[in-house]
Each structure stands twice: as structure tokens, then as C-alpha cells.
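What follows is a short report on a single structure.
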Amino acid sequence: MTHPQLDQFVQKVDETLASYPTLCQYDRLRDLEKKTGQPKAYIFLVAFTILSTVIYSMGGMKLISDLSAFLYPAYMSFKAIDSADPVDDMQWLTYWVVFAAFSILENVASFLISWIPMYYMFKIGFFLWLYHPKFMAAGLVYKNFVKPFVLPYLELFEASKPQKKED
């Protein structure tokens, strides 16, 4: 006899897995469910826990935060390259500029990072905020922080370039 809330949770996880059949290997999970008699949701959660533990043991929270800041945006950037819509190209190009600026800043200030409690959790939250479809905050960060800092240097660089001589 199972608890009704647990059954509801298993049902929601199963629906989520079914909505992403290729990513979640839904057919394989269904085969494992038949062989073991355990729900697909349990098998998926155990596999996810094992994978998360292996990733954490290999690189700690830094690796997890770097992967969370890279994998989904890289996937969406590949999709944006193939789409005809220039809006998504602009969003992901802006994201990668902000990502690069943050990475440089993070490396320069690496000696301070160890003193910030839960730094990597804040970093994951920040990057989720940057690329989450509800917020798309990369444009906001670019407009208010990156562009005002970088644009004057770009203008100086453009002005100092030697001019082409016309014959």
C-alpha cells in the first residue's frame, strides 16, 4: 500500500519523463520497469542521483555550476543557429557575452570566492535567471553592466585602428 501523495509524485515524474522521451530514454525506462517491477520514476530518480553523485565527486559544486551555466544555453544556441528567428540569436549571443564577462570576473576574483558561503548555489541561481525563458535577463545584465563598461574601450580601439589608404 502506497501513500496517495507518493503516487501523485510518481505520476507527475512519469508525465514529465513522457514529455521528453528521447532525453529521458523513456523506452529504456519502460523496459526496465517491466523487468524490475519498479516505476519508471524510481528508476529515473536513482539514475539521476547516481549521475549527480558521480559529477559532484569528480568536480564538486564548481563543475555542477559550470555545467548548469553551459549545457542548456549551448543546446539552445545550437537550436537558435538553425532557426530563422533573429530574436533567439540575439538572446543567446547576449547570454554568451555575459557568460564570458562573468567567467573573466570569476577567475580574477577567484581568491574571494572561497570566502563567500554558498557561492556556487548563488552562481547557479544567477545563470538560471540569465537564461530562463520567463526572465531572459542576459539582455538586462548586458545593457546595464557589460555594455557601459566595455563600449568605451571598443570605441577607443576602433578610433586607434590605422585607416586604410585609398589609392
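The values are calculated or read from the model by the stated rules, or taken from the named source; none is laboratory data. Everything quoted here is computed from the prediction, not taken from an experiment. Accessible surface areas use protein heavy atoms only, side chains included; no ligands, DNA or RNA. Shrake-Rupley method; radii C 1.70, N 1.55, O 1.52, S 1.80 Å.
Scan segment 129-141 for residues that are open to solvent by 80 Å² or more (accessible area, probe 1.4 Å) and part of a helix (DSSP H, G or I) and jot them down.
Selection gives Trp129, Leu140.
Report whether or not Lys147 is more than 14 Å from the chain's Cα centre (by Cα), within 29 Å of Met76 (Cα to Cα) and open to solvent by 90 Å² or more (accessible area, probe 1.4 Å).
no
Regarding Leu112, is this residue of a type outside the set (Phe, Trp, Tyr) and either open to solvent by less than 80 Å² (accessible area, probe 1.4 Å) or modelled with pLDDT of 95 or more (or both)?
no
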